[in-house]
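Structure first, commentary second.
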Amino acid sequence: MPTVLLIAVPYVAAVLFLGGLAWRVWTWAATPEPFRIPTTTGQQRSLAGIAPSRVESPSTTAGVVGRMLLEGLLFRSLFRNVASGPTAAGTCPDPVFLERKALWLGAMAFHWSLLVIVVRHLGLFVEPIPRVASFVASVDGFFQVGSPSWYATDVIVIVALGYLLFRRVRDPLLRYLTLPADYLALAVLIAVVGSGVVLRYVARTDLIAVRQYTLGLAALAPTAPASPGAGFVLHLLSVSVLLAILPFTKMVHAAGMWLSPTRNQANDGRRRRHVNPWNAPAPFHTYEEWEDEFREKLQAAGLPIEREDGRFQNPQAGGGERGAPPAAQAPLT
Amino acid sequence: MAQQKPDPAQLAAVEYIPPRRGWRDPRVEFRKGTYNHAAARRHLEYLGLPNPRDWQPSDADWQLPANWKQIILDGMKDRLERYRSFRLFMDICVRCGACADKCHFYLGSGDPKNTPVLRAELIRSVYRRYFTAAGRLFGPLAGARDLTEDVLKEWFYYFHQCTECRRCSVFCPFGIDTAEITMIGRELLNLVGCNIQWIIEPVANCDRVGNHLGIQPHGFKDSLDFAADELEELTGIRVEIPINRKGAEVLFVVPSADYFGLPHYFTLLGYLMMLHEAGIDYTFSAYASEGGNFGLFASHEMTKRLNAKMYAEAKRLGVKWILGGECGHMWRVVHQYMGTMNGPADFLEVPVSPATGTRFDHASSTKMLHVCEFTADLIAHGKLALDPSRNDHWNVTFHDSCNPARGMGLYEEPRLILRRVLNHFHEMPEETIRERTLCCGSGAGLGTDENFEMRMRGGRPRAMAVNYVRKRHGTNCVACICAVDKATLPPLLEYWVPGVEVAGVHELLGNALVMKGEHPRTTDLRGEPLEGMGGGDA
Amino acid sequence: MRNRILILAGLALCLAALTWPVWRALASAPAPAPSLARPVGATRCVAPVGFMRTSHMTLLAEWRDRVVRDGVRTYTDADGRVVTMSLSGTCLRACHADKTKFCDRCHDYAGVKPTCWGCHVVPTATGAIVSGPAAPSRSSRPGAAL
């Protein structure tokens, strides 16, 4: 049983992860982007005397790449976050905006720690150990506290996940809008990190046997370790669950965010024509139909018209026959 | 207004405590003052829209078609396959809540379903239930909800409490744009005939007559002639206002409120003065006499249908390019949809200013220019003589309209004009202008009298920012470049910040513009005497 | 559509990167588990082999603390044997005479870089004492890199 578990589970998880990810991205890619709808957060490129915001309102591919890198690596938009604070009493008090970088900081801490941890683990799957993995590990273990020494990211990721969970539970509005699936994502991540930390610092396993096993996984010829220990099995299972559900939950934002049209489109809507592949024809009220209906009034007002006498078309086919005319007076907007 | 206006103190007391009832419960109360009237049967019939009938949102029975549910689900499927934005935004929200207090309707109402995240969840929950494996398997645990009539009513209520201003999309770490979701949501509602009068009536008018107000060609001409008379009285100069003139270089399209509403009308005077002074060979069109596009608030198809007239008319008249007036959603359509929907505009030429020779390459495909871009270029080249002291009775701040701000990036052009025509100009707090600008609370077709309470709630954050500069700098005028702003900011400011007026950028330009051969001005464009007016109330 | 090609290329690149260890492993011979030089003469360690495999670093850290902080120099193991608590003097001299064939083999295999040798001298295989590289004394704690 444990052998089957240790061999089958990670492969099933990997297949679900890679296949699910590919399927999700394919679905998005297969769906057209009919319109050019960037959210412009900076000055457009227009007049020579006005400095354009090349990244916040990019008009070039380089600008878009810059904008996406800022989003993906530094969480630019989240960095904007300010809280609308409590205002003084009265009907129209001063607006209050409070710095609120905690969410940004928490998100950065969590995601970057996760990346470092993944890179550190690369050594388990590749022989010889990639230099980037040992380098990241040595930087991460810089403080050399404890034996085995604590990784900074282990501490940071726990604190960050704790914060992300804490804010969901504490803030009444967030608690109100949080779905069970949101707690599930946090729970799985906490399980992964928690079991990993326990495995390293408390219920250790035979690292040599584990690496034999993980190298075997990578080589598609795995042999399960003889006595992996409960800590390792728990860690492996939680990681497998994380991988397996990632493409099918909100965590797929990792891939999806790069495709967001409000961010990855250049603000060049008037400069270059964006083509909509399904640009469906929308029949509109033509000038001819319009002149046919208003000819006398146009003539009386002395406005130029196309046909001084006679109509463009048979009145039976005209737009004037479609339903009752709308009221002449309508809202002033 | 027939009904009693609510007490501002009452609306200002907003509770931000979510209700005990979970958000998955769809029931809403259509309370007077917080929703819009249903579209009249005749407009739906004229436009050929589904399910025309006499009904109101407050009715218990909405007289939906028997297969309404299938229509909605089919409509969702169709749109999931046609809009990457929609599908992606259904999939990747992590409910981090960064958007929540960025929505002016949430700030003004405290209703959690007015946070962008939950507004989207209203439809996302249905998406999960019918279009994802997790939702089908795990139901509520995965955040899925059945599509019921109550859910549809909830959609109607909350998708008409979103002004599609896109402020949330600035703060969303993934750029999720609630405007996309609201627009699709409204399209779906349109499929079963659940639309509002304030959107559908202007659409019907615009389709048939040429403008939202349904002003027929002779009325349009009267209005422009009247403006010419008024300008002659003000300046001593008779300006030409050509209509439907073939062979002009430029077709000028403005929102119809500019020639029929106040204070929009003063902006029209400003345009006319500028065009005369710059010596532009242009024409209006009575057929394409609407820059705005309420189709945007109904469906993409309707957007395209109304917008098509601009190019059609430009082609018929044989102009070289198109100039567009001060309007918000009009510019969202022109900048982000027009070329795609109704282009390529290969029968037009890249706009070139006849006065300065500037070639506007940023409009080289769509061939349509914003009047602020055009005027800013004139000013930058010193082509306009300006006397800012004629605006000394105004102490001005600038309200970035949502669409030119977040859908275009038009921030500095109007400011360049304002700084040259004003002596007293002060910005509102940074968090409330430019890309973070706060909405008037009445855009996207919500500016009705019956929706008064919700508008005042939604506009309060903007009003607070106006009051901020009023208290510190004595601001008495909010300048803006949007026809909806000009229609809805005055009642908003009167309600929250009495004593602050609203003016178009080109009205203020018109005040300062020294025309060649003009007689000494004694009044501003509003007819207010120029002398003896200090920085106080206008 | 250019856009779609770009996305699929990005996806392919991502999948290739994620499965890189597999390609890498398939292209090269499997790495054998490290074989250790068994101590000559000695048959029992101070703790069971299973414990030493997973947790020798904690035992060594405990020894260090007791010697340096408490001044205790001897350790009595579960069998009542008394040994001097010294990495260089006991472990390396009495049993694992060649560090490179014992400590290093596993540490290198697992990518673990203990900091013992910043302070402790390494006896050579012949028994001579060779100084380790000079290093700050604070890094006397064994560390592991995974």
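Listing for the model above:
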{"quantity": "Answer from B:H335, B:H393, B:H370 - the residue that is within 10 Å of chain A (Cβ to nearest Cβ) and under 30 Å from B:E528 (Cβ atoms)", "calculated": "B:H370"}
{"quantity": "Elements of type helices (runs of 4 or more DSSP H) in the stretch B:295-400, at least 3 residues being buried (at least 24 other Cβ atoms within 10 Å of the Cβ)", "calculated": "B:300-317, B:328-333, B:371-380"}
{"quantity": "Residue check, B:G97 touching an Asp or Glu at 6+ places or on another chain (Cβ under 9 Å) and within 26 Å of B:K69 (Cβ to Cβ)", "calculated": "no"}
{"quantity": "Selected residue [in the same structural domain as A:H235 (by TED's automatic domain parsing), in a helix (DSSP H, G or I) and within 22 Å of B:R24 (Cβ to Cβ)] from A:V169, A:V193", "calculated": "A:V169"}
{"quantity": "Answer residue from the stretch A:276-295, given it is at the interface with chain B (Cβ under 7 Å from one of its Cβ atoms) and within 26 Å of the chain's Cα centre (by Cα) and is surrounded by the fewest Cβ atoms within 10 Å (Cβ to Cβ) among those", "calculated": "A:W278"}
{"quantity": "Search result, residues across the stretch B:479-529 that are aliphatic (A, V, I, L, M) and either free of Cβ contacts under 8 Å to residues at least 40 places away in the same chain or not in a helix (DSSP H, G or I) (or both)", "calculated": "B:A479, B:I481, B:L493, B:V497, B:V500, B:V502, B:A503, B:L513, B:V514, B:M515, B:L525"}
{"quantity": "Matching residues in the stretch C:69-88 - criterion: being farther than 13 Å from C:V46 by Cβ and either free of Cβ contacts under 8 Å to residues at least 24 places away in the same chain or in a strand (DSSP E or B) (or both)", "calculated": "C:R69, C:D70, C:G71, C:V72, C:R73"}
{"quantity": "Unique match (being within 11 Å of chain A (Cβ to nearest Cβ) and within 22 Å of A:S147 (Cβ to Cβ)) among C:T19, C:T74, C:T54", "calculated": "C:T54"}
{"quantity": "Residue within the stretch B:23-46 that is assigned to a helix (DSSP H, G or I), hydroxyl-bearing (S, T, Y) and at the interface with chain A (Cβ under 10 Å from one of its Cβ atoms) present", "calculated": "yes"}
{"quantity": "The stretch C:48-59 residues that are at pLDDT 90 or above, paired with ones that are in a helix (DSSP H, G or I) and aromatic (F, W, Y) (beta carbon under 9 Å, 6 or more apart)", "calculated": "C:L59/C:F51"}
{"quantity": "Condition check for B:G75: small (G, A, S), farther than 30 Å from A:M108 by Cβ, more than 12 Å from chain A (Cβ to nearest Cβ) and surrounded by fewer than 22 Cβ atoms within 10 Å (Cβ to Cβ)", "calculated": "yes"}
{"quantity": "Single residue of the stretch B:194-223 satisfying the filter (part of a helix (DSSP H, G or I), touching a helix residue (DSSP H, G or I) at 6+ places or on another chain (Cβ under 6 Å) and not β-branched (V, I, T)) that is farthest from B:S289 (Cα to Cα)", "calculated": "B:E201"}
{"quantity": "Test: residue in the stretch B:232-252 that is assigned to a helix (DSSP H, G or I) and either under 25 Å from the mean Cα position of the chain (by Cα) or within 13 Å of another protein chain (Cβ to nearest Cβ) (or both)", "calculated": "no"}
{"quantity": "Considering residues of the stretch B:162-195 that are of a type in the set (V, I, T) and within 16 Å of the chain's Cα centre (by Cα) only, the residue nearest to the other protein chains (Cβ to nearest Cβ)", "calculated": "B:T178"}
{"quantity": "Residues (more than 27 Å from B:H381 (Cα to Cα) and among the aliphatic types (A, V, I, L, M)) located in the stretch B:331-355", "calculated": "B:V333, B:M338, B:M341, B:A345"}
{"quantity": "Within the stretch B:402-447, tally of residues that are in contact (Cβ under 8 Å) with a residue 24 or more places away in the chain, more than 7 Å from chain A (Cβ to nearest Cβ) and among the charged types (D, E, K, R)", "calculated": "4"}
{"quantity": "Enumeration of residues in the stretch B:99-124 that are at the interface with chain A (Cβ under 9 Å from one of its Cβ atoms) and more than 24 Å from the chain's Cα centre (by Cα)", "calculated": "B:P112, B:E121"}
{"quantity": "For A:A83: the one exception among (1) without any contact (Cβ under 8 Å) to a residue 12 or more places away in the chain; (2) surrounded by fewer than 18 Cβ atoms within 10 Å (Cβ to Cβ); (3) more than 24 Å from C:L11 (Cβ to Cβ)", "calculated": "(1)"}
{"quantity": "Test: residue in the stretch B:83-98 that is of a type outside the set (K, R), more than 22 Å from the chain's Cα centre (by Cα) and at pLDDT below 95", "calculated": "no"}
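Conditions (1) of a type in the set (A, V, I, L, M); (2) more than 9 Å from chain C (Cβ to nearest Cβ), marked per residue:
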position	(1), (2)
A:H111	no, yes
A:I117	yes, yes
A:G123	no, no
A:V126	yes, no
A:S138	no, no
A:F143	no, yes
A:G162	no, yes
A:R167	no, yes
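The values are calculated or read from the model by the stated rules, or taken from the named source; none is laboratory data. Everything quoted here is computed from the prediction, not taken from an experiment. Cβ sites come from the backbone with ideal geometry, for glycine too, and all protein chains shown count toward neighbours.
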